[in-house]
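Novice: This is the structure I have questions about; it appears just below.
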Amino acid sequence: MNAYRQLVRPLLFRLDPERAHDLAVTGCRTVGRSALARFATARAFGPPSDPRLRTTVAGIDFPSPVGLGAGWDKSGAAIDILTRLGFGSVEIGSVSRWPSSGNTTRPRAFRLPDDEALIINYGVPNDGSDIVARRLAAAHPAVPLGVNVVETNTGAVRTDAEVIAEIAARAAAFAGLADFLVISAECANAPGVHPIAR
């Protein structure tokens, strides 16, 4: 952790936050292509082995209750490494039916260093469910893997029936590839992506 704070973090903080995030995802994806790197990562950072942390929910065995939520790996590009970094589960997404570049107004990410926090206004950019499903089919997750599905950010409000049909179709497409699904029924930072139940 000291190496991160003293070396890596200062370098990343010289970059725009969105650029730094993109580089981190790309780095994880590249490292994850190597079976040796996956093995070494799991040995160094794998989930804790304390049986008191294990839990089973809906028939899914989680090695730890601490998981990585959706938003970091929006398109499932880095599954093979993220699932070996000590999390008890990893959730990718949000993933929509169609590819989306998200909100066009930039910047879309803001650092709050004093609070050790970020403000994100991406607007759910992702590669679309067809591409993400292919990545899931080829992935080698080491812990339970979830997919967060969301309405495509088109910038236009659609009817509840249209949104429900899109999300239901995506849930069906991922059902055989993911261990669990999460439905993002509202995205506050994406114009047009609205609550299903008003």
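The values are calculated or read from the model by the stated rules, or taken from the named source; none is laboratory data. Just so it is clear, the model here is predicted, and its values are computed rather than measured. Here the Cβ positions follow ideal geometry from the backbone for every residue, glycine too, while neighbour counts run over all protein chains shown. Areas reflect the complete protein model, heavy atoms only, side chains present, ligands, DNA and RNA absent. Shrake-Rupley method; radii C 1.70, N 1.55, O 1.52, S 1.80 Å.
Novice: Within the group A35, A24, which residue is free of Cβ contacts under 8 Å to residues at least 40 places away in the same chain, under 19 Å from R111 (Cβ atoms) and of a type in the set (G, A, S)?
Specialist: Result: A24 is the single residue among A35, A24 that is free of Cβ contacts under 8 Å to residues at least 40 places away in the same chain, under 19 Å from R111 (Cβ atoms) and of a type in the set (G, A, S).
Novice: Return yes when S101 is within 22 Å of F174 (Cα to Cα), of a type in the set (S, T, N, Q) and at pLDDT 95 or above and no when it is not.
Specialist: no
Novice: Could you list, in sequence order, all residues of the stretch 28-39 that are basic (K, R) and open to solvent by less than 50 Å² (accessible area, probe 1.4 Å)?
Specialist: If the condition is that a residue be basic (K, R) and open to solvent by less than 50 Å² (accessible area, probe 1.4 Å), then R38 is the only one that fits.
Novice: Looking at A42, A77, which is the one that is surrounded by 17 or more Cβ atoms within 10 Å (Cβ to Cβ) and touching a strand residue (DSSP E or B) at 6+ places or on another chain (Cβ under 9 Å)?
Specialist: Residue meeting the stated conditions: A77.
Novice: Another question, then. Could you figure out which of (1) in a loop (DSSP other than H, G, I, E, B); (2) exposed (fewer than 13 other Cβ atoms within 10 Å of the Cβ) isn't true of A172?
Specialist: Every listed condition holds for A172 apart from (1).
Novice: Being closer than 25 Å to T56 by Cβ and part of a loop (DSSP other than H, G, I, E, B) narrows it down to one residue among V143, V147; which is it?
Specialist: After ruling out the rest, the residue left standing is V143.
Rundown of residues vs (1) surrounded by 13 or more Cβ atoms within 10 Å (Cβ to Cβ); (2) farther than 27 Å from I164 by Cα; (3) acidic (D, E), yes/no style:
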site: F13; (1), (2), (3): no, yes, no
site: P17; (1), (2), (3): yes, yes, no
site: P63; (1), (2), (3): yes, yes, no
site: R84; (1), (2), (3): yes, yes, no
site: A109; (1), (2), (3): yes, yes, no
site: D114; (1), (2), (3): no, yes, yes
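Novice: Please give the number of the condition W72 fails out of (1) without any contact (Cβ under 8 Å) to a residue 60 or more places away in the chain; (2) farther than 16 Å from R29 by Cα; (3) open to solvent by 70 Å² or more (accessible area, probe 1.4 Å); (4) not basic (K, R).
Specialist: (2)
Novice: With L136, L177, L181 as the choices, which residue is in contact (Cβ under 8 Å) with a residue 24 or more places away in the chain, open to solvent by 60 Å² or more (accessible area, probe 1.4 Å), not in a loop (DSSP other than H, G, I, E, B) and not charged (D, E, K, R)?
Specialist: Sole residue among the options that is in contact (Cβ under 8 Å) with a residue 24 or more places away in the chain, open to solvent by 60 Å² or more (accessible area, probe 1.4 Å), not in a loop (DSSP other than H, G, I, E, B) and not charged (D, E, K, R): L181.
Novice: Output the number of residues of the stretch 5-52 satisfying the condition of being small (G, A, S) and within 20 Å of the chain's Cα centre (by Cα).
Specialist: Number satisfying all stated conditions: 6.
Novice: Of all the residues that make up the stretch 139-166, how many are loosely packed, with under 15 Cβ neighbours inside 10 Å and over 18 Å from S184 (Cβ atoms)?
Specialist: 1
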